[in-house]
Each structure stands twice: as structure tokens, then as C-alpha cells.
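Undergrad: Structure incoming, see below.
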Amino acid sequence: MEFPAALFSSYFSAGPPREEDGSAPAAGWGEHGQVLEGRPGPRQAQPAFVPRRGGTGETWDPAEAAAVPVLPPSAGCWIPSPAPQDILYRNSLCRELRAGKGGATLDFAKQLGHFFVDHPEDAFGSMGRLLHKNFHLGNSKLTVSIIPGVAALAPTVPPTSVLSSLQRPARSSTIRMTALMEDIDRLEARRGCHRQHLASRLRWFSHLCRDWLFEVPLGVLADCLHEELMLQWSDLLFDDSLTGGALAWLPSGDVGSRTGCLVHPGGLAMNHLFFQDVVLEKLPCTQGSPAQFELSGRIRQVAAARVDGEDFVGVRSDYHCGVWRVPARTGTAPTPLQVIHTDVPASCLTVSPHLPGELAVCTQSGTIYLWSVETGLQQLRHDPQTMFFRDHSPWRWSDFTTHPRVLSYADRTGLQCLDARAPKKCHFDLFKVGEEAGCQKGERVVLPMYLGRAHPSQYLVTTQFSVYVLDERLPLVPMLKWAHMMKAPPLFAHLMPGDSRRSHKVVLGASRTQELLLMQYWGERWRDGAPGSACQLAGTPQKLHTISGCLEHLPTQLPHRHHLLQQRLGAPAAGLAAVLQEDGTCNSMLVFQLSEAGDVFCQRLTQEAAPPLEKAEHSQEPCASPQPTPAVPSPAAALRYRRWLRALSRDCREPSQHTWPPSLSQRRLFTRKDLEGSTGPSALQRQVRQLLRQVMQEGGRIQHWEPMALQPLALPQPPEPTGVQDPLSARLTAAWSGDCEQWWEDRTSFSMAQRQRALRERRRRQKRARGRSSLSASFTSSLTYQSELSELSDAGPALFSPGRPPPPSQEGSSPARSPPARSPPASPAPGEALLSSQSLRHRGIPKERRKTLRDYLSVWAEGPPDPPDLPVSQASQLCIPSSQSQLSSASQTRRKRPRMGF
Amino acid sequence: SSYEHKLNFKKSKEACLSYIQDAMLQKQWERAAEFLTFYVESLEKDYSREHVGPSEMIWRIGTEILCHHSHSSMKEFNCFMEQMKTFGVKRYLKASILNAVCLEHVFHLLCNGQIDEAYQNLSLAESWRFGEQTAIQNKEMKLIQAYRGLLDYYSWSKQKNILLEHGKCLDGFADLSVEQEMHNCFRKAAVNLKEIIKIPGVWDLFVKCYVDLLEFYGDHNEARQVLNEYAYNSKFPANPNAHVYLYQFLKRQGESKKSLISALKILHDIVPSHELMIDFNTMLRKSKKRKRRRLGLEVIFAVLDYAGWKENVKAWSCLARQVKQIVISEKHLGWIKKEWSSRKDWWPAFHFSRYLAKRNWQENESLSYEKALVAGILLGKDCKYFKYVSHQGCKAQVKRFRMLKKFVNRHNPVCLRISG
């Protein structure tokens, strides 16, 4: 391999990187870099020049409107990794305060809160058990009880404990937590406002308990949490564990074969390794079922290289690295060879393209190993410090070079090459972030890659700003530098080597933004026996489709499905692979992209004809505009989309319960005992049930409750005939037609008449009811709690007579009256015992509310229209204002009844 | 609301820029051009103070679009560049960027074969003097001068060719004027080229031209000094070409073998895989000095360490020849043994695997012959590579493979001493 006879001119000086010059968004355009004499020929009158950048490259046109899924979506529903909004402190006030300052605030308090809620046992296990008697979680009001010497807040504990003198100390040492919770809620509502007096109680409480309440000392826990949060955040900003990518393409060994093997991770935790045979047609198709291996960690990187006709696949997870051998013949199963375990997460695994079963491993502790399947690990270097200047990142990388015993070693500050036979003595600097390579301030190495398949001594280095092509034979001076202008740093790169007639192609990929960029370069071409020319960038870079770009071509989805799909397709990219297929007239390129959700998408680019070499020489010839990208996916692609979507919805249906409307189990509200009532089914209930059963067996209807001689029931009253509209509608109608005054007059006279009529009606009914329910009255008197039916009738289940429509609501109903009107009981319902005051009390309807209820009812009693179908027992009582006192006394006596063996 | 207005304005500008970027990355140059005109229009309405960034961006994007737009012509390109230059002067564009604009324009002209226009532009740019002279500006200016020197060199060499071709038939007068013109060019070129190659950098093109000029006028000492400086000044990058140029110069000068060898020795130390190492090995192998022959063996072994040489027949035959020589003479077997000891754990897998034997035999018979010879000597006759190739060779009834087999079998005890 000859060294180019002349290199492009450049200045060289050592030193720290330059200040950036502020044209970042367009820094990669419009430059030729330098020129070089291209074709020295004595016959030519004028020298021809070639530019370092701007030469013509090959034209590749996308064949599809968007990327197309290759594999069915992995089974099970993908759980997206945390998004910035999950851990960032979100508050409008704070945002405004921070406006312009930049930098993110992590929501530390929320996360700590999550920990306490999610792991209460770990957080306060033993203390909680010790203290649970002293924390009152009820709603009851606080009273201050003065105990000599100690003033304490104590809740009003149930009467029993009030009575019990033994309980007194406990009472003085109980805290009502509800108030604290309220304070917390209030604080939550005013987030960002740190006025002290709002949180005095909380401060008091935390001051008191901070040191002893927590199982894990709070300081330690907070430190750990904060560390983790920072780690998560830095991962969100830039996750370098994915460097290198977890997708590999193993071409088939046979020349001209259209098959190959796609190595990719899958499964819910991305811990399954798949070797999937793929046939490359217009759209790649899978062939057979994949070979599958379950690993013990999330797969971060899959690296592959072919040596002696066999593929060696290295797989890196955080603490384990493994190597597989895949024979070149298709259909032969991959063999796992060896696994190593590291104490510190590994950051790099590369496979030697020179020697079978050799790999390079780096860990975050700054150690680099040469790993040979036969001889094991050989530590080449250990240095926790970075090489050229100090950088906090523990990321290290290593790759092979043109010499099988020389490995490159990279950290964020640059690259060195070291000889594995004498790593301490023999090394040289290959790349430095500094003035040598014309770097910017803040520039860091993101991904180094050996370009051996294109040129044995060339190297690719990407940073967040630029791409460099280096030559080992002239270290430190980049052969090629180009500002890639990508929004996220390129973590993945895939090389498709060319030859003397075809350019080398590199696809760069970013993770978070899923960007894919195709760039081409000519590397040291031989021309007619003349020495090779220097590296040149060919053509302009080209953006390729991303996975998320296919969303607009998918069939329309329901909004929530669309959102889920958007989330899934927008998952960060996790790997990249590409295949070049040369097929006579039509060359095609397939680019595979893997997402963190485990989806593998693919796009095809086509090249119409190989560009004539002559044209490539003439740099600035305006090239023909490429064919526009197809606007809609081809039928085959559309079919793929549909299939993929179907499979996705099938897989994700089961666990996505949370998307269903929430349902509440009443079992949590009422215990079985509550529902049954303390006394079990009453005689009445039993009778009614029996009747129901009987009628159901007969298939008949319950027309009347007459068979129950014992239980003379008030017949449901016919609903009040509603000849008139409800007043609001009437009034509105009147207002619309413009005779509002007329309506008012009508109304006043009508209401007089109506009241009179209602009064008459009520009296009539009372009379009739008295006549019919004489027994009922006696029954009522025998059951002391019957009075409470009045309270309950509104909450009880509406029991309509079959075939009768529910009564319409009454006109002019005030909120207080609406409940009885809405569900008028047809009778003192058979289920009344079920809803007896006792059970109601058990259910925790507090005394105050019962009183409110009664107040409502009394108002109702005074109101002009009587509810038409109120059972007489209620009506009679309700009409009498004095019943209130009876009721209250009844309720007071009732309280003790259970204890009295009722 | 003026703040909000500004913010919105900024946002829409950014959006416009991203559209341009998007279009360019998809090679939709027409669309990009359309958006760029919007962008420029929007800038004209912008009275904020940040002009430097956008104008550079417009220059870069505009250049790129004009290079690829289907309707653009050289005339339009030149027009745009001139506009950028005047715009830059008016708007106090950073001088370094203005110089860069000039240089890029010149490169564009050069690549399109418009050498004279390029020369004019360079002369014009050289005459500009404005703003404070920053270090970067100084550098760019030096480059402008250097490229002018380069173009002067090309016109010099053109005139030289005219003179050489027609020297005999032209009359004295015309001859004289051409000669004068040529000397004129020489002076201009030499001054500018001399300047740039003093500064650390990669100046292959300029150094070559300058040395050519000096050699033509017989200033060999100056040429030697320039090349020595370029190759050995530690402030310059370790450019293999610097050593190559020096070696070629020494060779042209008919220097002694010693100085040639020492020049190549240094090249060997910095780039053991350089293609000149084959010449170096040949030179050393023929030497009478033992030390040099030993160095030759080291050199050829080192060359074959590199993946790029793996299938190079020339290199393998050099090694095979030298190893064979040593084995036949049975002297200096230690040399081989020493070289082999640091390679025996990986050369067999790297060079002599059964897979490679098969492939080399199929693809390149002479390569497999040379390699089999080396393998047979280094690893003995039971080596997989040797066995496969010699077997295939004998089966194909190729004479040299039979000889090879015989040779290795005869010298097997010696070989065992090496590998053992």
C-alpha cells in the first residue's frame, strides 16, 4: 500500500484546541479545503487540480419513501427508557427564573418521594412498625389535651379510648398525619414557592424526625439517589454505553450470494442475542427462525469481523463480554466460544480482523485487554487518567490497527497506538484533540474505528463536531477532516469499502436523534501505475431515512395508539449496519437501523450507473439533481407496515391494561362484613330473596308485594303527571319568544295554584297511606331504626316496579331535594336492611353528614311540592318538624346499640 | 413584545436554516436555494448585531448550493463570490474569513481549470490590507502567497518546456524574452514558496516545486537544506513524504549508498510499512556488510507484519530469498531465530493458516510458492500451509513446487533449529 505521493497542504502546530468560530450549523459546507495537482502530465499545457473536498461522488437515491421494518416487533411491550421530563424538575416559575441560564434542575425530591412510596419497607420498615400506633391517619379533628408538663396535639380518638383511662398516654403521643399530608399537598400545589410559614409544620416534623425515622440514613440515601439521578441524566444527555452499536451484518461466504446473517439483540430487556438469516431482495426477508441465545445482561454492543472465512462476533453487556464463532456457510449454527466477566462495566469490545478469536476489551476503569480465546486475557495498559488532558469521562475504546500486534487505545482526549508485545515502551500518538488536528474547544472523541477494509492503515475518528480520517503512517495530521453537522454525536459508523473505481462509503449514525448520514471518500487511489493520491471527500453528505420517519406513512391510528407508536418509533437508535450489493447495472445499498426498542428497520438506496472515472476527476461539474424520494411507500412496503403494526398491536395488547378505563373494586371500600351488616340478613330480606328466587324460577313477574302478608308495602305511586315543562325550559322558551313578562305573571299565579294543588294532593295521599299501611306503622314502631329509612332511601337502590318508567324529576328541585327525586324508592325497599343506618355508620358516613342529610330532608319537608311517591313512613315523619329531634336521639341511642348486643 | 418579536424572528430564522440544511442533505439544491433567498431576505430585515455568523453561513451554504445547483454557472459562482467579498469588507467580516473566501474561490477556479482567473484573484487578495493582522489572517495570507507562488511555478515550468522544446529552432531574441519571463516567474515563485515551507506544516506540493526550481538552477545545497529541514525538523509532522523526497533527491544526486541507507533507515523507523522498504531490503541484502544484511532481514520481516502487505508477492519473495540464502549458508541462523521469536505466536495464524493456503493457491500461485517456502523454513515441513501448497503444487506437477518440497525436506533439521 503506497503512501500518496503528495498530501494536501496544511499547517501544523501543537497546542490546545482553538475557540470555535460560530458557524457550526453550516460548518461542513462550501469548502474545498485545499487543492492538489491531480494529473501531472507532460502533454497537458495546464496542470489539473483536484480539491480535498467537493469532488463528485456516487449518486445514491432512496428507493423507498421511508425505512421499512425487517423483523416483526419483538414480543412483549417495550418500556421506554426514562425521558428528560421524568427526572427534570418541572415548574413554570422555576423555568422562568432559569430562563436564559441554561442547565437543568433534576427533580431530586420527587425521586426520593418515589423511593419512599415504592419501597416503604426499605425506607422506614422497622421504625414504621414501632411507630404505627403513634400516627393517626383518621380524619377526625384535633383537640389539644393538656397533660401536665406536656402540651400535645392529639386526635379525637374513638369514644372507647376516651373512656378508657389506660389510653391516655397513647393519646398524648399520637400525631395526626392527615394534617401533615394536607400540608404536603399544599406544598405540592405551590411548588417553587418557598415561603417559610407555609411549611412550618412540615419543617417541624422533618426537623424532629429526619435523624431517626429512616431505615437508611437519609444523607447516605440522598447521596446515592443523587448520584444515580446524575448518572441517569448524563445518560440521557449522552449515553456512551451504546458506542459501536448492537447490530452486525455477516455477509454470506459465497460470492454473489444474496443472503447474510443479521446479528441483533432482542427481548424485553434486550438480553437475547439473535442470529437471523436474511435474504436480500428488494426488501430484505428473514429466512427460517433465528438462532437465539439468552444472555444475563442487556446487550450494548455487537461487533463482528471476518477472519479466515469465519465470522467472529463479540457481544458486550455491562459486565460480561462473549464471543461467538459463525461459520461462513449459511445455515450453520453459531457457536459460543468464551465469556469473560468484568468487575467494572466494559466500554468497548472489538474483534480483530487479522487473527481468529482475538478481541480487544476496555473497561471504564481505564484498562485495556487483548483477549484471545486461546490464551486468555492480557492486560496491556491500566490508566484511570485520560491521555492528553484531563477529562472526567471513564469511557475507553480500543480497536485493531494494520499491525496485528498493535492496538489503538482511545479516550475522550485522543488516540494512541500501542504494541501488545511491549505496551509500556512502544506507543505513539495517533490523534490528539488539539491544534494538531484543528479541533475546536470542547471537542471530544466519540467513536474511533479502524477502516482496514478500505485501506489497511486508515482510521476513522468521529467527534461531536467532525469526522476525521487518519493514516497511521502520518499520525496526528488528519488526512481528511469534515464537519458533519449532525445534531447528536455519531455513535455508530459502518464502512462499505470501495476500490480504485468506487468511493469508500461510511454511514454515520447518532443514537438519540436517529440521524443517519452517508458520506463518501476516495482513499489513495492508484492511477495507471502512478502513486496513489491523497484522501478526498467525495460528493456531498446525504441524509438517510430514520425509523421515526416512517410514522407518517403508516396507516392512521387512534390518537393514543399514534402516541404509543410515536414513542416506539422515536426510541433512540442502538445500532447500524449496511450492505452493498453490486449487481451489474443497478447497485443497491441496504442500511439497517436498530432502535432501543429492538426494532430493526431497513432502507434501500440505488445507484443508477457507476460514474465514469473521468467525471469524478472534474470536481465542480454540477451533478444532475437526484431522483426525488418517492412520496408514498410502495405496495410491498405498505404491506410490511401493516403486518408490523398488526403484530405490534397483538403483542402489546395484553399488558396494556393501564389504557383501559380504570375500574374500582368496591371490595376495597367496603368489607364483606360491612356489606352484610352486623346482624346478617333479616327476616324480611330472607323472605324477599325467597320470593325473588321463586318468581325467577317461574319466570314470572313481581307485580305486587301482596303475598307478603307480613310486609304490607306501600304501592309505588304513579308519577306526577308532568303536563308542564320544567320551569327553566318554560322560561327560556318564553324568553326566546319575547314574552318573558307574560311568563312571570303566569308563573306567579301558577305557583300559587300549584302549591295549593300540591298541598291538596299530599293530604289526599297521606290519608290514603294511613289507611293502607296501618301495619306498616306498627312495624315501624317495632323497629326503632326504621326512622333512618328516611336518610337512606335516597342512597338505596332504586327498586322500580317492572314495566313502570322511572318517575321524572320534579320541577324546581333544589339540590337538597334532588336525591330523593332522582331515585324514589318504590317502597320501603326489601334491601333496606342492607343499607341500614348501622351499616351506613360502618361505612364511615360520619355523624355530621348524617345531620346534613337530615337537614336536607327537613328543608324538603318544608318545601311546597311533596315528593309524590315517598313512602308514608318517611313522609309522615318528614312532615313533622319535630321528628328531627327524635331522629337525633335515635341516632344517639343507635350508636351504642351494637355494643348492647343488638 | 419587542423581545417576543425578536424571539419569534430568531426562531423562524432557525427554522429556515434547518429547512435549508435538510434540503441540502437530501440533495434538493433547488429547494435549498429557495430557502436561502428567504433566509437572506430575513437577514436584511434584521438589525441585530450578530452579522458575522450568518454571513459566513451564507457564504458556505451559498457556495455549496452553487456548486451543485443544476442551473448555476461559473459566472454566477464568481458573481456570488465577489458579492461575498464586498459584503464581507462592508460588514467587517473577520479578515481571516475573508481570506478564506478568497482562497476557496481560487480553489474553485483552479479545479475548473481557470488558472489565469485564479492567479488574478490571488494577486488581488494579496493586495488587501485591512483590519488588524491576526495570527490566523497571517496564516491565510501566507497560503494565498504560496498558492500564487505555485501558479508562478507552473508558468515557469510551462516556459521552461517551451524553451526546451523549441530552444534549438527559435531565434535568439524570442529565446531571450521567454527566458527573461521564465526567470521572472522563478523569482516570484521562489520568494513565496520559500516563505511557506519555513512554517511547520504539510507542504508536499510547495516543497516539490521549490526543490525543482532550485535544482534547475543548480542550487543543490539550498535544495538539500530545504529537504533536510522538511524531513528532520522536529516541529514538522513526521511526514513520510519528506523522507521520500530527500531520498529521491539524494538518489538523483548520485549520493553514496551510505547516505541513501541512512535516509531510508530513518524512514524505516517511522514507517516500517512504507513501500520503499522493498528497495531498502534489496539494497541491504546485496550489501557486503553483515550488519546491513541483518538490517535487511529485519526490514522485510517488519514489512510483512502489516496487513497491507499480506499478499504482496514482491515482499514475500524478498523474504523467501533472504531466508533461503541464510539457510543454505547455515550462517546467521540466529538472525532468523531472533526475528521469528517475536512472531511465532501470531504469524502462523496471520499468514500460514490452512484457509489462506487454500485461498492463496487458488488466487495467486507464485504468492503461495513464496509463502510456502518461508513457512517450510520457519515452521518445518509439517506446517499446514507448506503441506497444503506443496501437495497441491506437486499434484499440479509444477516443477518449482517439487523443488521446494525437496529443499525443505533436506533442510528440515535446520528449520527445526529455527522454530525450536
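The values are calculated or read from the model by the stated rules, or taken from the named source; none is laboratory data. This structure is a prediction, so every number in the text was calculated from the model and none was measured. FYI the Cβ positions are ideal-geometry reconstructions off the backbone, even for glycines, and counts take in every protein chain you see. Side chains are part of the model used for accessible areas, which takes the heavy atoms of the whole protein and leaves out ligands, DNA and RNA. Shrake-Rupley method; radii C 1.70, N 1.55, O 1.52, S 1.80 Å.
Undergrad: Of the heavy-atom accessible surface of region B:204-254 (probe 1.4 angstrom), what whole percent is carbon and sulfur?
TA: Carbon-and-sulfur percentage of accessible area, whole number: 45.
Undergrad: Ok, one more. Step by step: find N for region B:232-350, compute 2.2 N^0.38 Å, then divide the Cα radius of gyration by it. What's the final number?
TA: Relative to the 2.2 N^0.38 Å estimate, region B:232-350 comes out at 1.11.
Undergrad: Heads up, I need the accessible area for B:F38: 1.4 angstrom probe, whole protein in place, Å², nearest 10.
TA: Approximately 110 Å² for this residue.
Undergrad: So, counting K/R as plus one and D/E as minus one, what does the shell of residues with Cβ under 13 Å around A:L337 add up to?
TA: Summing Lys and Arg as +1 and Asp and Glu as -1 gives -3.
Undergrad: Further, regarding this structure: In region A:200-253, which chymotrypsin sites (Phe, Trp or Tyr not before Pro) fall in coil by DSSP and have 15 or fewer other Cβ atoms within 10 Å?
TA: A:W212
Undergrad: Tell me the label-point distance for the pair A:D118, B:H220, using the 7 Å Cα-to-Cβ offset, in nm and rounded to one decimal.
TA: 8.1
Undergrad: Hey, got the Cα dimensions of chain B along the principal axes, in Å, largest first?
TA: Principal-axis extents of the Cα atoms in chain B, largest first: 92, 68, 41 Å.
Undergrad: Would you mind calculating the gained length between A:A109 and A:E582 on full extension (0.36 nm times residue separation, minus the Cα-Cα distance), in nm to one decimal?
TA: Full extension from A:A109 to A:E582 adds 164.5 nm.
Undergrad: Based on the Cβ-Cβ distance of A:Q287 and B:N233, what FRET efficiency does E = 1/(1 + (r/R0)^6) give at R0 = 56 Å, to the nearest 0.05?
TA: 0.40
Undergrad: With everything on Cα atoms, drop me the angle between helix B:257-270 and the longest principal axis of chain B, reported from 0 to 90° to the nearest 10.
TA: In chain B, helix B:257-270 runs at an angle near 70 degrees to the longest axis.
Undergrad: Let me ask something else. How much length, in nm to one decimal, is gained on full extension between A:A683 and A:V216, taken as 0.36 nm per residue of separation minus their Cα-Cα distance?
TA: Result for the pair: 162.4 nm of gain on full extension.
Undergrad: Would you mind getting the Kirkwood hydrodynamic radius of region B:133-237 from its Cα pairs, rounded to one decimal in Å?
TA: 14.7
Undergrad: Moving on. From the residues B:L214, B:F186, B:F236, which one has its Cα farthest along the dipole of region B:133-237 in the positive direction, the dipole being from +1 and -1 charges on Cβ of Lys/Arg and Asp/Glu about the Cα centre?
TA: Checked the options; the winner is B:F236.
Undergrad: Add -39500 (n - 2.57) for each DSSP H run of 4 or more in chain B, then divide by its residues: what number comes out at 222 nm, to the nearest 500 deg cm²/dmol?
TA: Calculated mean residue ellipticity at 222 nm is -25500 deg cm²/dmol.
Undergrad: Which entries of A:K425/B:K371; B:K371/B:K395; A:K481/B:K310; B:K85/B:K198; B:K337/B:K399; A:K487/B:K10 have Cα-Cα distances beyond 23 Å here?
TA: A:K425/B:K371; A:K481/B:K310; B:K85/B:K198; B:K337/B:K399
Undergrad: What residue among B:K139, B:K358, B:K160 has the largest mean-square fluctuation in a Gaussian network model of chain B, using Cα springs under 10 Å?
TA: B:K358
Undergrad: How far is helix B:172-196 tilted off the main Cα axis of chain B, in degrees rounded to 10, range 0 to 90?
TA: 90
Undergrad: As an exercise, use a Förster radius of 30 Å and the Cβ-Cβ distance of A:K424 and B:D279 to find the FRET efficiency, rounded to the nearest 0.05.
TA: Once rounded, the FRET efficiency stands at 0.35.
Undergrad: Here's another thing I want to ask about it. Using a cut-off of 14 Å between beta-carbons, work out the net charge of the residues near B:Q225 (Lys and Arg +1, Asp and Glu -1, B:Q225 not included).
TA: Taking every Cβ under 14 Å from that of B:Q225, the sum is -1.
Undergrad: How big is the A/B interface in buried accessible area, both sides summed, 1.4 Å probe, to the nearest 100 Å²?
TA: Buried: approximately 6100 Å² between B and A.
Undergrad: Kindly identify residues of region A:325-369 having a loss of at least 40 Å² in accessible area between the isolated chain and the assembly of all protein chains, probe radius 1.4 Å.
TA: Residues of region A:325-369 that lose at least 40 Å² of accessible area once the other chains are added: A:H354, A:L355.
Undergrad: Defining a contact as two alpha carbons under 8 Å apart and six or more residues distant in sequence, what relative contact order in percent does chain B show?
TA: Value for chain B: 7 percent.
Undergrad: Could you put B:Y19, A:Y319, A:Y409 in order of accessible surface area, largest first, with the 1.4 Å probe and the full protein assembly present?
TA: Reading off the accessible areas and sorting them downward yields B:Y19, A:Y319, A:Y409.
Undergrad: For a paramagnetic label modelled at 7 Å from the Cα of A:V344 toward its Cβ, which residues of region A:395-431 fall within the zone defined by backbone nitrogen distances under 12 Å?
TA: Within reach of a label on A:V344: A:395-397.
Undergrad: Applying 1/(1 + (r/R0)^6) with R0 = 22 Å to the Cβ-Cβ distance of A:Q378 and A:N271, what FRET efficiency is obtained, to the nearest 0.05?
TA: After rounding to 0.05, the efficiency reads 0.20.
Undergrad: Rounded, prolate or oblate for region B:323-419? Axes are the square roots of the Cα gyration tensor eigenvalues, ordered a ≥ b ≥ c, and the cut-off for rounded is a/c under 1.5.
TA: oblate
Undergrad: Could I ask something else about it? Where in region B:188-205 does accessible area fall by at least 50 Å² between the isolated chain and the complete protein assembly, at a 1.4 Å probe radius?
TA: Residues passing the criterion (a loss of at least 50 Å², heavy atoms only) are B:V202, B:L205.
Undergrad: So, counting K/R as plus one and D/E as minus one, what does the shell of residues with Cβ under 12 Å around B:A238 add up to?
TA: After counting each charged neighbour, the total is -3.
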